[in-house]
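*Asks:* I have a structure here, written as structure tokens, and I will follow up with some questions on it.
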Protein chains: 4
Amino acid sequence: MVIVLKQSTPPDELEQLMYKLRSLGFDINLSQGENYTVLGLIGDTTRINENQIKANPYVDRVLRVQHPFKRVSRMFHPEDTIIDINGHKIGGGHLLMIAGPCAVESRDQLLTIAEAVKQAGAHLLRGGAFKPRTSPYSFQGLGEKGLQLLQEVKEITGMPIVTECVSDETVDLVAEYADIIQIGARNMQNFSLLKKVGQTNKVILLKRGLSATIEEFLMAAEYILAEGNDRVILCERGIRTYETYTRNTLDISAIVAIKELSHLPIICDPSHAAGKWEMVIPLAKAAVAAGADGLIVEVHHQPELALSDGAQSLKPDKYRQLVEAVKQIAAISSVTI
Amino acid sequence: MVIVLKQSTPPDELEQLMYKLRSLGFDINLSQGENYTVLGLIGDTTRINENQIKANPYVDRVLRVQHPFKRVSRMFHPEDTIIDINGHKIGGGHLLMIAGPCAVESRDQLLTIAEAVKQAGAHLLRGGAFKPRTSPYSFQGLGEKGLQLLQEVKEITGMPIVTECVSDETVDLVAEYADIIQIGARNMQNFSLLKKVGQTNKVILLKRGLSATIEEFLMAAEYILAEGNDRVILCERGIRTYETYTRNTLDISAIVAIKELSHLPIICDPSHAAGKWEMVIPLAKAAVAAGADGLIVEVHHQPELALSDGAQSLKPDKYRQLVEAVKQIAAISSVTI
Amino acid sequence: MVIVLKQSTPPDELEQLMYKLRSLGFDINLSQGENYTVLGLIGDTTRINENQIKANPYVDRVLRVQHPFKRVSRMFHPEDTIIDINGHKIGGGHLLMIAGPCAVESRDQLLTIAEAVKQAGAHLLRGGAFKPRTSPYSFQGLGEKGLQLLQEVKEITGMPIVTECVSDETVDLVAEYADIIQIGARNMQNFSLLKKVGQTNKVILLKRGLSATIEEFLMAAEYILAEGNDRVILCERGIRTYETYTRNTLDISAIVAIKELSHLPIICDPSHAAGKWEMVIPLAKAAVAAGADGLIVEVHHQPELALSDGAQSLKPDKYRQLVEAVKQIAAISSVTI
Amino acid sequence: MVIVLKQSTPPDELEQLMYKLRSLGFDINLSQGENYTVLGLIGDTTRINENQIKANPYVDRVLRVQHPFKRVSRMFHPEDTIIDINGHKIGGGHLLMIAGPCAVESRDQLLTIAEAVKQAGAHLLRGGAFKPRTSPYSFQGLGEKGLQLLQEVKEITGMPIVTECVSDETVDLVAEYADIIQIGARNMQNFSLLKKVGQTNKVILLKRGLSATIEEFLMAAEYILAEGNDRVILCERGIRTYETYTRNTLDISAIVAIKELSHLPIICDPSHAAGKWEMVIPLAKAAVAAGADGLIVEVHHQPELALSDGAQSLKPDKYRQLVEAVKQIAAISSVTI
């Protein structure tokens, strides 16, 4: 951590600040230039409260040298984390394909789609039983009934289940049914929920918040690992920018950056990024070409009747095309799919 | 709602779509131009699923005419909502001043600050017992002990209490102590939490999410009102933009816009917007000049020792200056403080 | 164009507005709902001044149905535009590879890099003689001397030249040397410059502005076409978002969107998007997988000595890897490289 | 400047980098932590090329301690710059009021508006003769004829003139007529134009770019000062964010920040920020309350007939209200208007 002091800092204030920092266990490297005095802190600054230091009226700025995350950092865990979900692997060169409807609507709907995506090459089935919706008047999901339908279809198809948990109070319930518990973008900084799922023994699929920085995203994962659960899959699903032509802006560079900064697998959700089914296939190809460890894609056999997010759902035949295209790109990169 | 169809839409697809929309109870106004066919829907489109319509491959775009919110809308409730908190009013020309530390740290700290801000002119005391923090390694608040200290200080000073609730499971606990329950920016779309606080009989202070649109912000308030609780105070606290000089960008226009769109009172949090105490006073003045119904400001007597957000905390004497400045601006606008 | 009027609009104001719009040559489709009155305009609204209409105090909102661009629109020109630059084609399934240093520094530097990228598979040579720099104290380019060096190296290597023009006054000079005149992101809405290059007979490479919407980007191209020059190549080079880990956020979806909206070829500049050489190869692969018609990449044999943007420059051997990877992806999509 | 090296940096690479930096004239302060090696550079880093350093594969990050601007910096020029335009002062406690139509349309239009705003309290008259417009099909201004009308109206009313220059080639022409040359947001980084106006003896009104950081904004001003012209007025006019309810997001904090970082006067353009006349008065009040040194406001007597930006133009009587409100706020802050 580097602390830049104002030109006008009186010598005794400088003394006092250095004394305080040393008493917190840091070595200090002092540089005095003409216009600025700079303190370099040596030691573990992960736990330091930057804002306490900035509150000193003589402090101009504080620059972090060390990233604030540890358990998720590749620096302390250089090899890729590989996660196995009922025999399907992700990370370290294994590509995981997740597909299914946005929301579970009925047994028929779910089974039809599950069988179609399985045949097309999907490994896991997604489907929401609890849906976070912008409007209180929109369909909020079937709740526990939806979880039961997921289980039923899992038994028939053999596909492990990915489903979202939206509240502390339903973590145990969702954990009974899900193979992977999804934390949605809007809950990425619902720290209470992060802690709770960190205490389960389930794989967690953590989606990046709408306007979360890469650092905040990794810090949210750090919450889960800090509770003892290190089986976390990250998911880039588009960020909010000024551009309105797409629903969100897929931050393809984040996939590249996160593979560099962290050992956790990272997948891409091209459906939510685009908001339009026409764009899903090219974005899926781009994500795999950039190095994503998997894809989670919305598929619906009758998108114009879907109770949620029909606009971004692929029909099963389009999903088959997507899998074929992605396989060819994976082959180039010697990734197993 | 206006539905724009593609040039290439076959007549029978158009027929079918119109049939479906009519069967949902809408009147349709059809315009056929050279390059586009446009359908205007007449009727209450609040409950319509826009994404179902976009899923139709012949639909180019869907434009909303009607705002999706109802209960919070000034259209259906033209006069300002005035809320009374233990004798302190907000809305309709009443300015409410809330101040206190970011986090409750100790009885001494809280009482010292409470007495200072009360003397300076604050009506309500803020203080966090449960703190949502980006890092799992940062101070997470005193929890219930913090709530008890708030109550103790309320009894001594007579100041009603504003404190944050961060999880479903603690809503009842927080409601026992708080006069106003705060929902933080990160939980603005924690719909499960919104529903729960909508079922309490407490005033809710809802902060705008980091990258929430004005419409999403009002839809989040709609969740609370839809549960039967119409005593909601909105709070603009800065949005995330590309600018990094300030912690967030205070969206001063949002205050103006929300007063136009909604009857609910809206206050401003200049402390979180700026992230730097030096900027708090000018931003507070600007917010009141723009028409804000109140201010929530972080104050700490020893910011350089604060366990949370010291950088943006004013010292008590600066807060006194702020209140004086704001009173003068309020006087010009004939607002009661 | 759809005009939404306020609830309170008096009938005679409605009459007057409709009269005025009819006199401008539009047919009007009137829908009156309970809370809004909506006017649908039928006719060519490309030239209409939206802001004049919004100035009417009874107008609540104006929604555009028709895109404001024409000459660049795929609606009026369904087939891909293919541009030939001295035998190298771009568009309609032809991938164009442009590479070279950020700035021309010396004959040796330029020739070394040109030969290296040519051998690696680049078709055209890029190099800046006039450099737009954030700081007046940074290297501003060699000017005309740089253009002469580009020509010399073109004669030796046979590679056509792409170079930037930054001012009206140097358009003629740059046009003497360049095969493709580049308009940089910062000048995307320098309309005076757009008009001038629209009057040349050179191919124009137009980069997307830092925070330009897709619509504004296409409108900037429309300026060039409106002057009679329809040989325009668009370039996505990253947009400004709140994320600071990368220099800009590569908007991969914009490539997909623009191919849908326009017939013009669109290439990607992964170097400026990333700002870090380590990320250039994965982003380049992603762009081609998403359908980009070409790549413009910064290459320098000694990036740590480069006078401009060394951080994002690939060394020649890395560029060779990039070309190999891109060729494999192009092969899958049956694109000619 | 602080250079953070990767954990893996070999000792001889560290030696070599330090040697190179010392040879550029810097003193170096070396800190070696467990995971990072950090170099602190002491000396004037304004002219250093950050990207050259980042190009070194062992460099992880580069953090700037010193701001890259000098002439505009308050650090080297602590007192406010006061500029006198024909007897009207701005800066150092003097508030300057500029008003007029977006575009000059006719003698009658201009004179009517000029007389109205003068009577209401405006000091200077604004009016565009050259208009940068998103669409090539929109009204582009009257050109030199517009300048002549401005002069004529200046002679009648005695009001000095503010008008925009959009191209290098018209700088001399505009300088003949204007008292203040405006550089628009889209040209904020048209460095060629900045240099040219830096060579005139006119006051320059520099608008912040749509997505310019405060640092880039000040660096653009630095270009003008570096050419010898130190009479620059800065103008905050809203930035681009994800929020679409307003045309731009007025960055009220930027006014506060710039007054701290620079000695140059800064004014606010609430008209462009809002894009809606209804919001102009509250934003104007907010800007002055936050410390702006002036306001530039669009006024039109018949906004619904305006050829440009009618939606954001105030009618003269509303402008009078604005001036009255602003005077009251100025009085509180002991600012001269």
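*Asks:* Springs between alpha-carbon pairs under 10 angstrom, Gaussian network model over chain B: which of B:K131, B:K54, B:K70 fluctuates most?
*Replies:* Answer for the Gaussian network model of chain B: B:K54.
*Asks:* Let me ask another. Only sites in a loop by DSSP and with at most 11 other Cβ atoms within 10 Å count here; which GluC sites (Glu not before Pro) in segment B:33-133 make the cut?
*Replies:* Here the GluC sites (Glu not before Pro) that fit, given the DSSP loop and packing criteria, are B:E34, B:E79.
*Asks:* Quick one: if you stick a label point 7 Å off each Cα along the C-beta vector at D:E144 and B:K6, how many nm between them?
*Replies:* 5.1
*Asks:* Now for a separate question. Mind grabbing the interface size between D and A? I mean buried accessible area, both sides, 1.4 Å probe, in Å² to the nearest hundred.
*Replies:* The summed interface area works out to 2000 Å².
*Asks:* Between segment B:216-231 and segment D:55-80, what is the C-alpha centre distance in whole Å?
*Replies:* Result: 46 Å between the Cα centres.
*Asks:* Mind checking the dipole of the protein assembly as shown: about its Cα centre, +1 per Lys or Arg Cβ, -1 per Asp or Glu Cβ, Debye to the nearest 20?
*Replies:* With Lys and Arg at +1 and Asp and Glu at -1, about 0 debye.
*Asks:* Spin-label point model (7 Å from Cα, Cβ direction): what's the B:M18 to C:N86 distance in nm?
*Replies:* Distance between label points: 5.8 nm.
*Asks:* Rounded to the nearest 500, what is the 222 nm mean residue ellipticity of the protein assembly as shown from helices alone, with -39500 (n - 2.57) per DSSP H run of 4+ residues and division by all residues?
*Replies:* -10500 deg cm²/dmol
*Asks:* Of B:K285/D:K327; C:K6/C:K54; C:K145/D:K131, which ones are farther than 23 Å apart at the Cα?
*Replies:* Over 23 Å Cα-Cα: C:K145/D:K131.
*Asks:* Still on this structure: Under the definition of partner shielding as Cβ atoms of other protein chains within 10 Å of a residue Cβ, what is the mean value for peptide A:152-158?
*Replies:* 0
*Asks:* If you place +1 on the Cβ of every Lys and Arg, -1 on the Cβ of every Asp and Glu, and leave all else neutral, what size is the dipole of segment A:2-63 about its Cα centre, to the nearest 20 Debye?
*Replies:* For this selection, approximately 180 debye.
*Asks:* Near B:K318, which aspartates and glutamates are there with a Cα under 13 Å away, not counting those fewer than 8 places off in the same chain?
*Replies:* Those aspartates and glutamates meeting the cut-off are B:E278, B:E298.
*Asks:* At a threshold of 8 angstrom on Cα-Cα distance, excluding pairs fewer than six apart, so keeping six or more, what relative contact order does segment B:2-63 reach in percent?
*Replies:* 48
*Asks:* Return the subset of C:K207/D:K195; B:K154/B:K202; A:K315/C:K259 for which the Cα-Cα distance in this structure is over 20 Å, preserving the input order.
*Replies:* As for pairs spanning more than 20 Å Cα to Cα, those are C:K207/D:K195; A:K315/C:K259.
*Asks:* If I build a Gaussian network model for chain C, linking alpha-carbon pairs within less than 10 angstrom, which residue out of C:Q182, C:Q109, C:Q312 has the largest mean-square fluctuation?
*Replies:* Of C:Q182, C:Q109, C:Q312, the Gaussian network model singles out C:Q109 as fluctuating most.
*Asks:* Determine the per residue accessible area of segment C:2-63 with all protein chains present and a 1.4 angstrom probe, expressed in square angstrom.
*Replies:* 50
*Asks:* Sticking with this structure for a sec: Averaged across B:213-222, how many Cβ atoms of other chains sit within 10 Å of each residue's Cβ atom?
*Replies:* Per residue, the average neighbour count from other chains is 3.
*Asks:* Please give the helix A:214-226 orientation as an angle from the longest Cα principal axis of chain A, in degrees from 0 to 90, rounded to the nearest 10.
*Replies:* 80
*Asks:* Across all directions of projection, what mean area in square nanometres is found for the Cα convex hull of segment B:1-121?
*Replies:* Convex hull of Cα atoms, orientation-averaged projection: 13.1 nm².
*Asks:* In segment A:252-337, if every C-alpha pair distance is counted and binned at 10 Å from zero, what percent goes to each bin?
*Replies:* The percentages, shortest bin first, are 18, 47, 27, 7, 0.
*Asks:* Oh, and also: Out of D:P132, D:P160, D:P11, any idea which swings most in a Gaussian network model of chain D, alpha carbons joined below 10 Å?
*Replies:* Comparing D:P132, D:P160, D:P11 in the GNM, the peak value goes to D:P11.
*Asks:* Provide the descending list of Cα extents for segment D:83-332 along its principal axes, expressed in whole angstroms.
*Replies:* 42, 40, 39
*Asks:* Right, here's the next one. Between copies, how far does the label point of A:E227 sit from its twins, in nm, shortest first, when each point is 7 Å from Cα along Cα→Cβ?
*Replies:* 2.1, 6.0, 6.0
*Asks:* Quick check of the Kirkwood formula: for the protein assembly as shown, what is the inverse mean of 1/r over all pairs of different Cα atoms, in Å?
*Replies:* 32.3
*Asks:* Report, in whole Å, the centroid distance computed from the Cα atoms of segment A:32-51 and segment D:103-130.
*Replies:* 54
*Asks:* Once neighbouring chains are kept in place and the probe is 1.4 Å, which whole percent of the accessible area of chain D is contributed by carbon and sulfur?
*Replies:* Here carbon and sulfur together make up 46 percent of the probe-accessible area.
*Asks:* Of the options A:Y36, A:P68, A:G127, report the single residue whose Cα projects farthest towards the positive end of the charge dipole of segment A:1-158 (beta-carbon charges: Lys, Arg +1; Asp, Glu -1).
*Replies:* Of the listed residues, the answer is A:G127.
*Asks:* So what's the convex hull volume per residue for the Cα atoms of segment B:2-63, in Å³?
*Replies:* Value for segment B:2-63: 73 Å³ per residue.
*Asks:* If you don't mind, there's one more thing I want to ask. Can you give the % of DSSP beta bridges in chain A that are antiparallel, to the nearest 5?
*Replies:* Here the share of antiparallel DSSP bridges comes out near 45 percent.
*Asks:* At 25 °C and 0.890 mPa s, grab the translational diffusion coefficient of segment B:110-205 from Stokes-Einstein with a Kirkwood Rh over Cα pairs, rounded to a whole number in µm² per second.
*Replies:* 178
*Asks:* With all protein chains present, calculate the accessible area of A:T200 using a 1.4 Å probe and round the result to the nearest 10 Å².
*Replies:* Rounded to the nearest 10, the figure is 30 Å².
*Asks:* Let me have the relative contact order for chain D, percent, based on Cα pairs under 8 Å that are six or more residues apart.
*Replies:* 16
*Asks:* One decimal, nm, shortest first: give the distances between the label point of A:Y58 and those of the same position in the other copies, each label point 7 Å from Cα along Cα→Cβ.
*Replies:* Going from nearest to farthest copy, the values are 3.5, 6.7, 7.5 nm.
*Asks:* In peptide A:128-136, what is the residue-averaged number of other protein chain Cβ atoms found within 10 Å of each Cβ?
*Replies:* 6
*Asks:* Measuring nothing but label to label, 7 Å from Cα along Cα→Cβ, what are D:E34's distances to the other copies in nm, shortest first?
*Replies:* Sorted ascending, the copy-to-copy spacings read 4.0, 6.6, 7.2 nm.
The values are calculated or read from the model by the stated rules, or taken from the named source; none is laboratory data. Owing to the predicted nature of the structure, the values given are computational and were not obtained by experimental measurement. Positions of Cβ are generated from backbone atoms using ideal geometry, with glycine treated the same way; all protein chains shown enter the neighbour counts. Side chains are part of the model used for accessible areas, which takes the heavy atoms of the whole protein and leaves out ligands, DNA and RNA. Shrake-Rupley method; radii C 1.70, N 1.55, O 1.52, S 1.80 Å.
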